[in-house]
Amino acid sequence: MAKPGPATALVEIVCAMLLCIATAAADSDAPITIRAYNTFGVSGAAFARARAVAQGVLQRAGVQALWRECRTPAYQTGDDGCDDLLNRNEIIVRVVRGPSISGASAPLGDSLIEKPAGAGVFATVYADRVLAAGSRTGVDPAILLGRAIAHEVGHLLIGAGHSSRGLMRGKWSDDELRRNRDRDWLFTSSQAQSMKARRLQ
C-alpha cells in the first residue's frame, strides 16, 4: 500500500478538524437535562407553569432543556429513573423548604459551584420563600419559581457570579418583582454565550 503524500495527509487533518467542529456544534445544540426534585410539594399545575417559565427563559438564551421529574409527591416505591448516574449536560434542581430566615433579603435559592470548574450540577430553590415573595408583591408564585429555577440553572452553567442587570442579579427587590420588566428576567447576551461555552466543555 502506498504511503499517503503530504497533500493526502493535509486533507485528512482538515477533515478531522471539520469533524471536530461539527461535533462541537452538535454538542452546543444538545439540550441540558434538568432532574427536578419537587420535594416541597408544589402542586402539579403550578410546577408545570414554573417549568414552562424556566424553559422559556433558557430557550431565549439558546439553551434547550429537557425535564425529568424525580421523587415527586406522588412517588412512592416505583422507579422514577432518577437513581442512575448523571450524564453529561445533566443537572439537578431540588425545590424544598428553606432554612428559617425571615425578611425580603433571604435568597430564593443557592447552587453548589465547584471552584476548579467554575460551574456545578446541584442547585436548590426554596419554595416557601418564593411563596412569601409572591404574597408580598402579588406576583404569581409559579412565575417567580420558574425564574428562580432559571437563575440557579444559570449559576450551574456559568458560575457563582452575579450581574448588575438581567436575571442573574444578586438581589431581586419587591419593586422589581412588581414592575415585571421583561429585561429584568432574561439572561444577557454575554451570559448566553458563556452558557454555550460551558456546555461545550
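Ranked from highest to lowest mean number of other Cβ atoms within 10 Å per residue, what is the order of the peptides 125-137, 81-93?
Numbers: 125-137: 20.2, 81-93: 13.4.
The densest-packed peptide leads the list: 125-137, 81-93.
Using 0.36 nm times the number of residues separating Glu114 and Asp83, minus their current alpha carbon distance, what extension gain do you get? Don't jump to the answer; show the numbers that get you there.
Working: separation 31, 0.36 × 31 = 11.16 nm, distance 2.23 nm.
This chain segment gains 8.9 nm when fully extended.
Express the relative contact order of the range 119-198 as a whole percentage, based on alpha carbon pairs under 8 Å and six or more residues apart in sequence.
On the way: 75 pairs, mean separation 24.7, N = 80.
It comes to 31 percent, rounded to a whole number.
Distance in nm between label sites at Ser190 and Asp140, each 7 Å beyond Cα in the beta-carbon direction?
So the label points at Ser190 and Asp140 sit 3.2 nm apart.
Provide the gained length on full extension for the span Ala106 to Ala160, in nm with one decimal, where the gain is 0.36 nm per separating residue minus the Cα-Cα distance. Show your work: numbers first, answer last.
On the way: separation 54, 0.36 × 54 = 19.44 nm, distance 1.69 nm.
Length gained between Ala106 and Ala160: 17.7 nm.
Can you compute the FRET efficiency between Glu90 and Ala197 using 1/(1 + (r/R0)^6), with r the Cβ-Cβ distance and R0 = 25 Å? Round to the nearest 0.05. Spell out each step's value before the answer.
Numbers: r = 18 Å, r/R0 = 0.71.
Computed FRET efficiency for Glu90 and Ala197 comes out at 0.90.
Quick note: the coordinates plus some simple rules give every number you see, no bench work behind them. Only a predicted model underlies this, so the values are computations on that prediction, with no experimental measurement involved. Virtual Cβ from ideal backbone geometry, glycine too; neighbours counted across all protein chains shown.
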